[in-house]
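Asker: The structure that follows is given in the form of C-alpha cells.
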Amino acid sequence: MIALSTASVYPETTAQGFELAARLGYEAVEVMVGIDPISQEIDAVRHLSEYHEMPVAAVHAPCLLITQRVWGTEPWGKLERSADMARAVGADVVVVHPPFRWQRDYARTFVEGIKALEERTGIAFAVENMYPWRASRRQMEVYLPGWDPSEQDYANATIDLSHSATARCDPVAMAKRLGDRLRHIHLTDGTGSAKDEHLVPGRGSQPVAELLEHLARVGFGGHIVVEINTRKAGNRDARELDLVESLAFTRLNFATAPE
C-alpha cells in the first residue's frame, strides 16, 4: 500500500491532504496529528476518510517539538489517544518517535511500555529512526534509548529516509537488520546535511530505489508512505507535481525487483 502523509501538504490542511491523496491516485493516508485542529479530532478524520473513500493506514503520534502540547503534555497519554484514533478510523499502525533525552521518566520504560501498549491495544507502534543533532563539528545524541530502532527490542519499526540521510546511515542495511520487524516506511530523500530535508525521492543521495527494490524482493507487506516537504512549492500546481513524482517513483521502483 502506497499512502500519502498529510504532513506532505503542509502548510495546507489535513482535509486538503485527503483530497490530494484521493485525486492523485494514492491508496491511503497517514494522518500526522499536529497543530491543525482537524488532525486531532477522531470524528473529523473519520469523516474525511469516508468522504474521500481513502483508508487511513497509520496515525503519526504528536512527537515533534512543535506538537509538544498537542493532546496534553503527558507522552503516554498521547500514545493512548493515537491508538484510540487508529482503532476508530481503521488504521493498524501508530508511528512514534523515541523519547527526547530530557524526557527521562518516559525514556526509562519506553521499550517495555511500547510492548505493553501493543499487547493491550492490538495496534503496531512502529518506532521511527531518528538522527543525532549536528552543529558545526559537534554532534549531540538527543534520543533515548537511541535513534536507531534496529538496536532495540521493538516488535515494529519505521524507516524514514530523510532521517537516515541526516544520520548518515545506510537505510538498506538498517532494513536488513530489522528484517520482518520493519513495518512502515516514510519514503523521502536527503543529502546528508544536518537539516532534516524530506526531499522528493530521487532528489537526494539516499539509496531510495535500492531500498524499494529490497522491499519488493523480500515481499514487504507494510505501508510505504510518501512524507516529503513541499513548503517551498510556489503554488498548488508545484506541490501536486512533487506528490505525483513521488508516487510514480515509488510505484516504478517497488513494482518489480531485479533478479
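Asker: Sticking to Cα atoms, compute the Rg of segment 40-82 to one decimal and its Dmax as the biggest Cα-Cα distance, whole number, in Å.
Answerer: 11.9, 33
Asker: Let me ask you something else. Please identify, among Glu30, Glu227, Glu245, the residue showing maximal mean-square fluctuation in a Gaussian network model of the chain using a 10 angstrom Cα cutoff.
Answerer: Maximum among the listed residues: Glu245.
Asker: Follow-up question, since we're still on this one. Please tell me the relative contact order of the chain in percent, rounded to the nearest whole number, where contacts are Cα pairs under 8 Å and at least six residues apart. Could you put the intermediate results ahead of the total?
Answerer: Details: 511 pairs, mean separation 44.1, N = 259.
Reported relative contact order: 17 percent.
Asker: List the chymotrypsin sites (Phe, Trp or Tyr not before Pro) in segment 95-139 that DSSP assigns to loop (not H, G, I, E or B) and whose Cβ has at most 14 other Cβ atoms within 10 Å. Which are they? Intermediate results must be reported in sequence, preceding the final value.
Answerer: Numbers: sites: Phe100, Trp102, Tyr106, Phe110, Phe125, Trp133; in loops: Trp102.
Qualifying residues, ordered by number: Trp102.
Asker: For Tyr154, Tyr51, Tyr131, what's the largest-to-smallest order of accessible area, 1.4 Å probe? Don't jump to the answer; show the numbers that get you there.
Answerer: Details: Tyr154 10, Tyr51 160, Tyr131 30 Å².
Largest to smallest exposure gives the sequence Tyr51, Tyr131, Tyr154.
Asker: To continue, here is another question. Roughly speaking, what is the stretch gain from Arg177 to Lys195, that is 0.36 nm per residue apart minus the C-alpha to C-alpha distance, in nm to one decimal? Before the final figure, lay out each step's value.
Answerer: Numbers: separation 18, 0.36 × 18 = 6.48 nm, distance 2.53 nm.
Length gained between Arg177 and Lys195: 3.9 nm.
Asker: List, largest first, the extents of the alpha carbons of segment 11-50 along their principal axes, each in whole Å.
Answerer: 25, 22, 12
Asker: Moving to a separate point now. Quote the accessible area belonging to Glu240 in square angstrom, nearest 10, computed with a 1.4 Å probe and with ligands, DNA and RNA left uncounted.
Answerer: The value for Glu240 is about 30 Å².
Asker: If you don't mind, there's one more thing I want to ask. Would you mind telling me which residue in Thr67, Thr13, Thr158 has the biggest mean-square fluctuation in a Gaussian network model of the chain, where springs connect alpha carbons within a distance under 10 angstrom?
Answerer: For the chain, modelled as a Gaussian network with Cα springs under 10 Å, the answer is Thr67.
Asker: Using heavy-atom solvent-accessible surface (probe 1.4 Å) with all chains present, what is the largest-first order of Glu80, Glu41? Mind showing how you got there, number by number?
Answerer: On the way: Glu80 65, Glu41 105 Å².
Solvent-accessible surface, decreasing: Glu41, Glu80.
Asker: Another question, then. For segment 70-155, take the convex hull of the Cα atoms, compute a quarter of its surface area, and give me that in nm², please. Let's see the in-between values first.
Answerer: Working: hull surface 24.9 nm².
Across all orientations, segment 70-155 yields a mean hull projection of 6.2 nm².
Asker: Looking only at Ala44, Ala28, Ala58, which one moves most when the chain is put into a Gaussian network model with springs between Cα atoms under 10 Å?
Answerer: Looking only at Ala44, Ala28, Ala58, the biggest GNM fluctuation is shown by Ala44.
Asker: Given segment 63-161, what percent of its DSSP beta bridges are antiparallel, to the nearest 5? All intermediate terms of the calculation are to be shown ahead of the outcome.
Answerer: Values: 4 of 10 bridges.
Around 40 percent of the beta bridges assigned by DSSP in segment 63-161 are antiparallel ones.
Asker: Next question. Please give the calculated 222 nm ellipticity per residue for the chain, where each DSSP H segment of at least 4 residues contributes -39500 (n - 2.57) and the sum is spread over every residue; nearest 500 deg cm²/dmol? Numbers along the way, then the final one.
Answerer: On the way: 9 runs with 99 residues, N = 259.
Rounded to the nearest 500, it is -11500 deg cm²/dmol.
Asker: Something else: Would you mind computing Rg(Cα) / (2.2 N^0.38 Å) for segment 130-229, counting N as its residues? Walk me through the numbers on the way to the answer.
Answerer: Numbers: Rg = 13.0 Å, N = 100, 2.2 N^0.38 = 12.7 Å.
So segment 130-229 has a normalised radius of gyration of 1.03.
Asker: I need the Kirkwood Rh of segment 68-115: take the reciprocal of the average 1/r across all distinct C-alpha pairs and report it in angstrom.
Answerer: Working: mean 1/r = 0.0863 Å⁻¹.
It is 11.6 Å.
Asker: What's the Kirkwood radius of segment 187-259 in Å, using all Cα pairs?
Answerer: Working: mean 1/r = 0.0774 Å⁻¹.
Hydrodynamic radius (Kirkwood, Cα only) of segment 187-259 equals 12.9 Å.
Asker: Could you name the aspartates and glutamates in cross-link range of Lys115, using Cα to Cα under 20 Å and dropping any fewer than eight places away on the same chain?
Answerer: Result set, ordered by chain and number: Glu74, Glu80, Asp84, Asp92, Asp105, Glu128, Asp148, Glu151, Asp153, Asp180.
Asker: Next question, about the same structure. Identify all lysines with a Cα-Cα distance to Lys195 below 20 Å; exclude those on the same chain that are fewer than 8 residues away in sequence.
Answerer: Lys232
Asker: Could you order Asp180, Asp84 so the one with the most accessible surface comes first? Probe is 1.4 Å.
Answerer: Details: Asp180 145, Asp84 65 Å².
These residues rank, largest area first, as Asp180, Asp84.
Asker: So, one more: Kindly give the semi-axes, whole Å and largest first, of the ellipsoid equivalent to segment 1-121, taking each as the square root of 5 times a Cα gyration tensor eigenvalue.
Answerer: Working: eigenvalues 132, 45, 27 Å².
Largest first, segment 1-121 gives 26, 15, 12 Å.
The values are calculated or read from the model by the stated rules, or taken from the named source; none is laboratory data. Note that the coordinates shown come from a computational prediction; the quantities given were computed from them, not determined experimentally. As a convention, Cβ positions derive from the backbone with ideal geometry for all residues, glycine included, and neighbour counts pool all protein chains shown. These area figures cover heavy atoms from the full protein model, side chains too; ligands, DNA and RNA do not enter into them. Shrake-Rupley method; radii C 1.70, N 1.55, O 1.52, S 1.80 Å.
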